[in-house]
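Reviewing the structure listed below.
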Amino acid sequence: MTISIDRRKFLMGSTALAAAGAMGGLSPAQAADVHLRLYWWGGQARADRTNAVSDLYAKANPGFTYDKEFNAFNDYWPKLGTQVAGGNAPDVFQMDYRYIVEYAKRGAVQALDEFIGKSLNLDDFDKDQIEGGKVDGKLYAISLGANSVAMMVNTNAFQAAGVDLPTRDWSYDDYKANAEKLSSKGGMKILADGSGNEPALENWLRQRGKALYTADGKIGWTADDLIEWFKMWADLRTAGVCVGPDDQALDATAAIDTTMITLGKAATTYANSNQLIGFQAVNKNTLTMINFPRAKAGAGGGHYRKPSQFWSVNPKSALVEEAVKYVSFFVNDVPSGLVLGVERGIPCAKHVRDALAPTLSAPDQLSLNFVSNLGDLLSALPPSPPAAAGEVSTQLTTKSQEVAFGQSSPEDAGAAFAKEAQDILDRAAKKS
Amino acid sequence: MTAEAQGLTVVTGTTPWRRRLGSVVAHVLLIGASILMLYPLLWLLSASFRPENEIFTSSSIIPSSVSPHGYISGWFGLSRSFDTFFLNSLTISLLCVAGNLAACSLTAFAFARLEFKGKNFWFAMMLGTLMLPYQVTLIPQYVLFLKIGWVNTFLPLVVPKFLAADSFFIFLMVQFFRGLPKELDEAAMMDGCSPWRIYYKILLPLSLPVLTTAGIFTFIFTWDDFFGPLIYLSDIKTYTVTIALRTFVDSTAESNWGGLFAMSILSLVPIFVIFLFFQRYLIEGIATTGMKR
Amino acid sequence: MTARSASDERAMPARAVTPSYWSRAWTENGPGYLFLLPWFIGFFGLTIAPILSSLYLSFTNFDMLTAPQWVGMDNYVRMFTHDPKFSQSMRVTLLFVAFSVPLKLSFALGVALLLNRGMKGLPIYRAVFYLPSLLGASVAIAVLWRTLFAGDGLVNKGLAIFGIVGPAWISNPRFSLWTLVALAVWQFGSPMIIFLAGLRQIPQDLYEAASLDGANKWRIFWKVTLPLLTPVVFFNAIIQTIEGFKSFTPAFIISGGTGNPVNSTLFYTLYLYQEAFSFFRMGYASALAWVLLAIVAVFTGVSFLTSRFWVHYDS
């Protein structure tokens, strides 16, 4: 059957179509060319996923382009600080629990409460994750995933030495007991030197009923606690349980590449539960995850479900609304959630989590289960640390190196660090 | 050169045999020292061409297989390819050369050839700034550039050159100008030339040697400048090669040594080229004025 | 000028003198000042104003987000009584300078003397020794150095040939600073060139006279060469010391910006940078800068004063 198209009708139709097309073409153009600057910390694995999500966003929002920049964690903060001070901070940047109070107080992050329910969708978002992003009751950052601290474990090394893999009950004594057998094969130590690792210290303090910081921003531990901490590690060091100072010092920037497990110096290393993917990407050995060691047998309560990192928005950005839209998309869009997986932590929006769970690979399931099943290892989320907490953390690393290299005894270092930490907090408080 | 050097041979009472031995010993020492001095550079060069797994394991300096892998992966190793960074470095360096040559020669001309009240005072002030550590002016300069919105652009790195901030080159040029005969100026003035014409038409053309020296050193200093770009450039689009290299080290440290070394070699190439072609200027520049490089 | 009565002159001296005074001043000084205009802008805007401003800031707390807060001498008091990082960075910097400068100059002088015998290949040797000096300040070389001195780096491989087990130079606080000293000394090429030029200026007849008197090589060196070289030694020493105080890039790259391990590579410049740009304590950093200025000024002053006792200028 031939379809005869009335010429006139065709012309009219096509003109109408064209007009409609032109009109339709106008609206995306009005949505205008949005260019957002994104900045985060992490490794290549995270970068690839983040860029993929940004591309998905670009598909849904024609005219959207973005700048993507990332650094290792330690370099990230000085650079971000410079940009904030210079008035040219990125539009959307990653924020950490350790710094959020400081940045909120400096007016460097946008308050997001007014956007909830509008461009920011937090309908089925985990409540405790939302709380984690609040300072003084106002929401400043959106959690990108829940995680908890975890030890990365090199299964091949344990198997080769004939040592059982660490279990959730292992305490530091258990690691010590198994150290010699593991090191006998090739000199790899069983533990990295965690004396300068703030999360390790925090976990240990919490198990003893202390904390890094109290709710009113004061130090939650005493010099005696730190003396015992440094003593414990000095003991582990001389017993050959943990990595020596020369090697540990190689881990300067907290980049995954230079951690002790990746460098083959230790069979375990302190990390976060969402980093299994990142670690596995650069490690030839098969990795698994276990909790941080117990302070002693049966001690618990060290862990907590932390917002692994947040997206914050630059209040001085010209595109605050657009930035918030991007953030909302990032945490709510299901295809994006599938791309991101659990690399940044367990997604906080329930619908994303539910969509994600069945698709997870074995290691990712591990991450998910790990965070969900902390059991007696878990206790409440600590208050967000006060301003200059980041500097205290750096000072801890330096102090721990002093002890490790024999420049200072654990007693002196513990007492000195208590004074120094207080001094840092006082200095920061005086400024504001 | 050799002739001069031979002329300086110390005449002592040693026999020719002992002198020959001394000479051989000297040569041996020098050759040994040369190898030691250059070995790091040669190692870097060879490592840049090695496949990744061989870089730290093989002990010879000649790579067993030459692979451009390092250069390719390094070039694209950051979120922007290195042509951006080389272009930025080149732009900044050339602008700084232009600024320095223009501003310092103007200033030097005034000090060397013109008379005006307070000249000695200002000259002493200018010399005084030579000894000033840059840290003293660093922070207020930064705050100033911050307030006028120049941070994260090339401007803080380039504009000071156009304001004759490099007293050293002013000094260098003053010394040179003083060496030019004053009769030229006087003759020109009798012909009714303005100071500007004297500067532009007479002095500048004769100053090619000192301008070349100053230009070369400015280029090298700027190309290698790390601190300036470190504090003023935060957007990866604007990075110079120095900052890009540092970012490379930090972000892909253990996983792409080949790329890192390859880009390092490339960053040294312009300086090496200058070294090959302008060695005379470099050496004379240092010898006569004691420039730090 | 037209003749004026005494009263006229008294009545209008200013008007009569001013125009020609100013226009004369302009024609005399104008060109000079015009040519100096760029320099004046730079000198006042980028040197004098910042110097005064940083002096002011050194008495404040200033984080760039809010206005500076006056704190009087607090920063300086803290620096000298309360700040272990300050004394550490001083120690590190002074150690660095104290070792790298004499070593550098010794090598420079030694090789210059060797080369000064007048030999074939002088230009080549000179170029070879100079090249590290030219390339040495770059980020690329600092990166290379970090790799060479790592625990499993080239240096240790080289030592292993002699059966020596080298430490992990870069990550051990006892040795990390020495890698930086080594890097500085590696760049002895440019002071060497200055020494060569200085040696060349020593008149031949002095050598001949000395050898005719029966002096051997060593005595010639001590009695003739070295005394005549003292101006060059002095010059090199000052330049290299000031350069040493300004050193930043190698320490930054090798320690990753931290000055670690245990602040063993915390050069003063690096500490200042951290205070200013990592912790945004601009007031304190300004105070640090002024202390550095004071030190450099005292050092230069003392050097020039004492130079009278050992530097021989020909007269």
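List the residue pairs whose Cβ atoms are under 7 Å apart, where the first residue sits in region C:132-154 and is within 7 Å of chain B (Cβ to nearest Cβ), the second is of a type in the set (Lys, Arg), and the two are 6 or more positions apart or on different chains.
Pairs that qualify, where the first residue is within 7 Å of chain B (Cβ to nearest Cβ) and the partner is of a type in the set (Lys, Arg), are C:Ser133/B:Arg293; C:Leu134/B:Arg293; C:Val139/B:Arg246.
Could you tell me which residue of region A:392-401 is most open to solvent (accessible area, probe 1.4 Å), considering only residues that are within 16 Å of A:Ala223 (Cα to Cα) and not β-branched (Val, Ile, Thr)?
Once the filter is applied, the top-ranked residue is A:Gln395.
Might you let me know whether region B:176-198 holds any residue that is polar (S, T, N, Q), within 20 Å of the chain's Cα centre (by Cα) and within 16 Å of B:Ala110 (Cβ to Cβ)?
no
Can you say whether C:Ser211 is over 25 Å from C:Gln88 (Cβ atoms), under 16 Å from the mean Cα position of the chain (by Cα) and in a helix (DSSP H, G or I), as far as the supplied structure shows?
no
Which residue out of B:Ala244, B:Ala287 is surrounded by 18 or more Cβ atoms within 10 Å (Cβ to Cβ), among the aliphatic types (A, V, I, L, M), assigned to a helix (DSSP H, G or I) and within 11 Å of chain C (Cβ to nearest Cβ)?
Details: B:Ala287 fails: surrounded by 18 or more Cβ atoms within 10 Å (Cβ to Cβ).
Exactly one residue qualifies, and that residue is B:Ala244.
If I ask for residues that are in a loop (DSSP other than H, G, I, E, B) and either in contact with a strand residue (DSSP E or B) (Cβ under 7 Å, 6 or more places away or on another chain) or among the hydroxyl-bearing types (Ser, Thr, Tyr) (or both), which ones from region A:171-185 would you list? Step through it out loud before you land on a result.
Going residue by residue through region A:171-185, those that are in a loop (DSSP other than H, G, I, E, B) are A:184-185.
If the condition is that a residue be in a loop (DSSP other than H, G, I, E, B) and either in contact with a strand residue (DSSP E or B) (Cβ under 7 Å, 6 or more places away or on another chain) or among the hydroxyl-bearing types (Ser, Thr, Tyr) (or both), then A:Ser184 is the only one that fits.
What are the pairs with Cβ atoms under 9 angstrom where one residue, in region A:82-94, is at the interface with chain B (Cβ under 10 Å from one of its Cβ atoms) and touching a residue at least 60 places away in the same chain (Cβ under 8 Å) and the other, located anywhere, is open to solvent by 10 Å² or more (accessible area, probe 1.4 Å) and of a type in the set (Val, Ile, Thr)? Sequence gap at least six, or different chains.
Listed by first residue and then by second, the contacts come to A:Gly87/B:Val151.
Starting from region A:399-422, keep only residues that are on the phi > 0 side of the Ramachandran plot and without any contact (Cβ under 8 Å) to a residue 12 or more places away in the chain, then list their pairs with residues that are part of a loop (DSSP other than H, G, I, E, B) and surrounded by 17 or more Cβ atoms within 10 Å (Cβ to Cβ) whose Cβ atoms are within a distance under 6 Å, requiring at least 6 positions of separation or different chains.
Going by the 6 Å Cβ cut-off, there are no qualifying pairs.
Could you figure out which of (1) in a helix (DSSP H, G or I); (2) touching a residue at least 40 places away in the same chain (Cβ under 8 Å); (3) within 10 Å of another protein chain (Cβ to nearest Cβ) isn't true of B:Thr218?
Going through (1) in a helix (DSSP H, G or I); (2) touching a residue at least 40 places away in the same chain (Cβ under 8 Å); (3) within 10 Å of another protein chain (Cβ to nearest Cβ) one by one, B:Thr218 breaks only (3).
Mind counting the residues in region A:33-55 that are assigned to a strand (DSSP E or B) and either within 11 Å of chain B (Cβ to nearest Cβ) or not β-branched (Val, Ile, Thr) (or both)?
7
State which residue is farthest from the chain's Cα centre (by Cα) when the search covers only region A:65-76 and only residues that are open to solvent by 20 Å² or more (accessible area, probe 1.4 Å) and within 14 Å of chain C (Cβ to nearest Cβ).
Residue satisfying both the conditions and the ranking: A:Asn74.
Among the listed residues C:Ile253, C:Ile220, identify the single one that is surrounded by fewer than 22 Cβ atoms within 10 Å (Cβ to Cβ) and facing another protein chain (nearest Cβ under 9 Å).
Exactly one residue qualifies, and that residue is C:Ile220.
When you scan region A:219-299 for helices (runs of 4 or more DSSP H) that lie fully inside it, which ones turn up with 3 or more residues that are closer than 24 Å to C:Asn263 by Cβ?
Hits in region A:219-299: A:223-238, A:245-248.
Could you grab me the full set of residues in region A:260-285 that are under 24 Å from C:Asn172 (Cα atoms), among the β-branched types (Val, Ile, Thr) and open to solvent by 10 Å² or more (accessible area, probe 1.4 Å)?
A:Thr262
Name every residue in region B:6-37 that is modelled with pLDDT of 80 or more, open to solvent by 40 Å² or more (accessible area, probe 1.4 Å) and within 8 Å of chain C (Cβ to nearest Cβ), in order of residue number.
The answer is B:His27, B:Leu29.
Given A:Ala58, A:Ala161, A:Ala150, which one is of a type in the set (A, V, I, L, M), more than 14 Å from chain C (Cβ to nearest Cβ) and free of Cβ contacts under 8 Å to residues at least 12 places away in the same chain? Outline the logic, then answer.
Numbers: A:Ala161 fails: free of Cβ contacts under 8 Å to residues at least 12 places away in the same chain; A:Ala150 fails: free of Cβ contacts under 8 Å to residues at least 12 places away in the same chain.
Step by step, each of A:Ala58, A:Ala161, A:Ala150 is checked, and only A:Ala58 is of a type in the set (A, V, I, L, M), more than 14 Å from chain C (Cβ to nearest Cβ) and free of Cβ contacts under 8 Å to residues at least 12 places away in the same chain.
Are any residues in region B:138-153 in a helix (DSSP H, G or I) and surrounded by fewer than 19 Cβ atoms within 10 Å (Cβ to Cβ), and if so, which ones?
B:Leu144, B:Lys147, listed by residue number.
Restricting the search to region B:184-215, which residues are closer than 27 Å to B:Gly285 by Cβ and either acidic (Asp, Glu) or crowded, with 19+ Cβ neighbours inside 10 Å (or both)?
Filtering region B:184-215 for residues closer than 27 Å to B:Gly285 by Cβ gives B:184-185, B:198-215.
B:Asp185, B:Ile198, B:Tyr199, B:Leu203, B:Ser207, B:Val210, B:Leu211, B:Thr213, B:Ala214, B:Gly215 - these are the residues of region B:184-215 that are closer than 27 Å to B:Gly285 by Cβ and either acidic (Asp, Glu) or crowded, with 19+ Cβ neighbours inside 10 Å (or both).
Return the total of residues in region B:155-183 being open to solvent by 50 Å² or more (accessible area, probe 1.4 Å) and not in a helix (DSSP H, G or I).
Keep residues of region B:155-183 that are open to solvent by 50 Å² or more (accessible area, probe 1.4 Å), which gives B:155, B:162, B:165, B:168, B:171, B:175-176, B:178-179, B:181-183.
Filter again for not in a helix (DSSP H, G or I), leaving B:165, B:179, B:181.
Residues meeting the conditions: 3.
Can you say whether A:Tyr140 is open to solvent by 20 Å² or more (accessible area, probe 1.4 Å), touching a Lys or Arg at 6+ places or on another chain (Cβ under 9 Å) and among the hydroxyl-bearing types (Ser, Thr, Tyr), as far as the supplied structure shows? Write out each step before concluding.
Numbers: open to solvent by 20 Å² or more (accessible area, probe 1.4 Å): yes; touching a Lys or Arg at 6+ places or on another chain (Cβ under 9 Å): yes; among the hydroxyl-bearing types (Ser, Thr, Tyr): yes.
Yes; evaluated as a whole, the condition is true for this residue.
Over 30 Å from C:Leu65 (Cα atoms), open to solvent by less than 50 Å² (accessible area, probe 1.4 Å) and of a type outside the set (Val, Ile, Thr): is that true of A:Asn51 in this structure?
yes
I need the full set of residues from region A:211-255 which are farther than 15 Å from A:Gly414 by Cβ, β-branched (Val, Ile, Thr) and open to solvent by 30 Å² or more (accessible area, probe 1.4 Å), in order please.
A:Thr214, A:Thr238
Taking the condition of being within 28 Å of the chain's Cα centre (by Cα), aromatic (Phe, Trp, Tyr) and open to solvent by less than 50 Å² (accessible area, probe 1.4 Å), how many residues in region C:31-61 meet it?
4
When the residues of region C:260-302 are narrowed to those that are in contact with a Phe, Trp or Tyr (Cβ under 9 Å, 6 or more places away or on another chain), open to solvent by 20 Å² or more (accessible area, probe 1.4 Å) and assigned to a helix (DSSP H, G or I), which ends up nearest to the other protein chains (Cβ to nearest Cβ)?
C:Ser278
Taking region A:179-210 only, how many residues are within 20 Å of the chain's Cα centre (by Cα) and either surrounded by fewer than 17 Cβ atoms within 10 Å (Cβ to Cβ) or charged (D, E, K, R) (or both)?
Qualifying residue count, region A:179-210: 3.
Look at region A:318-345 and say how many of its residues are over 18 Å from A:Asp48 (Cα atoms) and surrounded by 22 or more Cβ atoms within 10 Å (Cβ to Cβ).
2
Has region C:191-212 got at least one residue that is out of contact with any Lys or Arg (no Cβ under 7 Å at 6 or more places or on another chain), in contact (Cβ under 8 Å) with a residue 24 or more places away in the chain and of a type in the set (Lys, Arg)?
yes
Between residues in region A:96-108 that are in a loop (DSSP other than H, G, I, E, B) and residues that are surrounded by fewer than 19 Cβ atoms within 10 Å (Cβ to Cβ), which pairs lie under 6 Å by C-beta distance while being six or more apart or on different chains?
A:Arg106/C:Leu65
The values are calculated or read from the model by the stated rules, or taken from the named source; none is laboratory data. Small disclaimer: the values here were computed from a predicted structure and weren't measured. As a convention, Cβ positions derive from the backbone with ideal geometry for all residues, glycine included, and neighbour counts pool all protein chains shown. In case anyone asks, the SASA skips ligands and DNA or RNA and just uses the protein heavy atoms, side chains included. Shrake-Rupley method; radii C 1.70, N 1.55, O 1.52, S 1.80 Å.
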